[in-house]
Amino acid sequence: MNGIYYTYNNEAIASCVFISVLREIGSIDVARSCLILPFLLDDKTVSYLKDCNVGEEKLSEIIREQRRLFISFNKRYLALLPVSINALLLLNKGGQISIGKKIFDTSNLDFNQVNFGNRFSAIQKAIPNFLILTENLSTVQLYQLLKIEL
């Protein structure tokens, strides 16, 4: 893994992203959680998601229309899979989440009290649109639509 990519996309920011997503939805299955970081740690995708009106669009349409954002999605997925797993394990060990058949938020962290910077602020703005785009699709459908190859 490229050292700069890993420094920029590490377990610390990944953990904050996971907690923020879990705060919005309550729980998520492990396979689906591994799709979060390739969406929300990519600056171009975050920029698109935070500014778009997803109420009228479906993820399949966005993938077709914004092909440049998804051309390397599988590569991002594979590169961020260890970061996802490590962040989830760290959060679980620290008592911030509970991992079973699903992952649940058990933290008492309050992100509104601390400024984590512009990047995390942009990610937080993109999370609601990301969730709207993915909520009506099963995990299997998402993996197929995003052409994930394991």
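The values are calculated or read from the model by the stated rules, or taken from the named source; none is laboratory data. Fair warning: this is a prediction, and the values are worked out from it, not measured in the lab. Counting neighbours? That spans all protein chains shown, and the Cβs are built from the backbone with ideal geometry, glycine included. The area values use the complete protein model at the heavy-atom level, side chains included, leaving out ligands, DNA and RNA. Shrake-Rupley method; radii C 1.70, N 1.55, O 1.52, S 1.80 Å.
Miscellaneous remarks
- Top-ranked residue in the stretch 58-95 [being at pLDDT 95 or above, open to solvent by 40 Å² or more (accessible area, probe 1.4 Å) and among the polar types (S, T, N, Q); ranked as farthest from Asp42 (Cα to Cα)]: Asn92
This table checks each residue for (1) touching a residue at least 12 places away in the same chain (Cβ under 8 Å); (2) hydrophobic (A, V, I, L, M, F, W, C).
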{"position": "Lys75", "(1), (2)": "no, no"}
{"position": "Ser84", "(1), (2)": "yes, no"}
{"position": "Leu89", "(1), (2)": "no, yes"}
{"position": "Asn118", "(1), (2)": "no, no"}
{"position": "Ile123", "(1), (2)": "yes, yes"}
{"position": "Ile127", "(1), (2)": "yes, yes"}
{"position": "Leu137", "(1), (2)": "yes, yes"}
{"position": "Gln141", "(1), (2)": "no, no"}
{"position": "Lys147", "(1), (2)": "yes, no"}
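- Candidate set: the stretch 97-108, residues that are modelled with pLDDT under 95 and either under 17 Å from Ile36 (Cβ atoms) or of a type in the set (Gly, Ala, Ser) (or both); chosen: the one surrounded by the fewest Cβ atoms within 10 Å (Cβ to Cβ): Gly100
- Among residues of the stretch 37-56 being assigned to a loop (DSSP other than H, G, I, E, B) and hydrophobic (A, V, I, L, M, F, W, C), the one that is surrounded by the fewest Cβ atoms within 10 Å (Cβ to Cβ) is Cys52.
- Of all residues in the stretch 70-84, none satisfies being in a helix (DSSP H, G or I) and more than 17 Å from the chain's Cα centre (by Cα).
- Residue in the stretch 12-25 that is open to solvent by 60 Å² or more (accessible area, probe 1.4 Å), part of a helix (DSSP H, G or I) and over 22 Å from Asn129 (Cβ atoms) present: yes
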